[in-house]
Amino acid sequence: MALETEATENVSTQTTEEILQLVSFKLGNEEFGIDILAVQEIIRMIEITRVPNSPNFVEGVINLRGKVLPVVNLRKRLGLPVKEYDKSTRIVVVDLERKTVGFIVDSVSEVLRISSVVTEPPPQMVGRVDSEYITAVGKLEDRLVILLDLNRILTNKEIAALS
């Protein structure tokens, strides 16, 4: 009987708090975060080869150590104003639905560890980004981080077309 009570107490003291590990990056004045487990690597801007008849948000392809990867301009995809690339511009290489894709961002900030307790569902419109791409908004001490759902940024059909 004592064993049952002890097991019940252990279950009730478990917390539902989850620690989210994110790579944070900037697009304009907005800070975004994506799941660190989806990120393969972050590289400096390199030459991109244009691909005819690709969607306007696809900048082209790059050769990354012998592997050809499509590169998406995240500003264009999210409907943000386009800006010239500079020394801070990065390509975040991620794995989407078993497809490796590069996303161009203005700059990469840091790796964040935040509690799911400080996140809340997104409002209908966050800044100028449609909430369909957003999983949550993280409230940190001095700023907000918009958590993007990379699997919603490109549809399955778009991902297949990038092959």
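For the residue pairs K26/K87; K26/K139; K87/K139; K76/K139; K76/K157, alpha carbon separations beyond 23 Å are given by K87/K139; K76/K139. Of all GluC sites (Glu not before Pro) in the stretch 55-137, which ones are in loop regions per DSSP and have a Cβ with at most 12 other Cβ atoms within 10 Å? Within the stretch 55-137, the qualifying GluC sites (Glu not before Pro) (loop, at most 12 other Cβ atoms within 10 Å) are E84, E97. Couplings 3J(HN,Hα) of the stretch 56-69, computed from phi: 4, 7, 8, 6, x, 10, 10, 9, 10, 6, x, 10, 8, 10 Hz, in residue order, whole Hz [Karplus 6.51 cos²θ - 1.76 cosθ + 1.60, θ = phi - 60°; x for Gly and Pro].
Backbone amide hydrogens, once placed in the peptide plane, bring L20 within less than 5 Å of I114, S115, S116, excluding anything fewer than 5 places away on its chain. Under 5 Å between amide hydrogens, built in the peptide plane, is the criterion, and for A136 it picks out L147 among residues at least 5 positions away or on other chains.
Amide H contacts of F103 (H built 1.01 Å from N, in plane; Pro and chain starts excluded): V72, V92, V93, V94 sit under 5 Å, all sequence-distant by 5 or more or on other chains.
Of all DSSP-defined beta bridges confined to the stretch 17-161, some 90% are antiparallel rather than parallel.
Just so you know, all these numbers are worked out from the coordinates, no wet-lab data involved. Fair warning: this is a prediction, and the values are worked out from it, not measured in the lab. Here the Cβ is made from the backbone with ideal geometry for all residues, glycine too, and neighbour counts use every protein chain on show.
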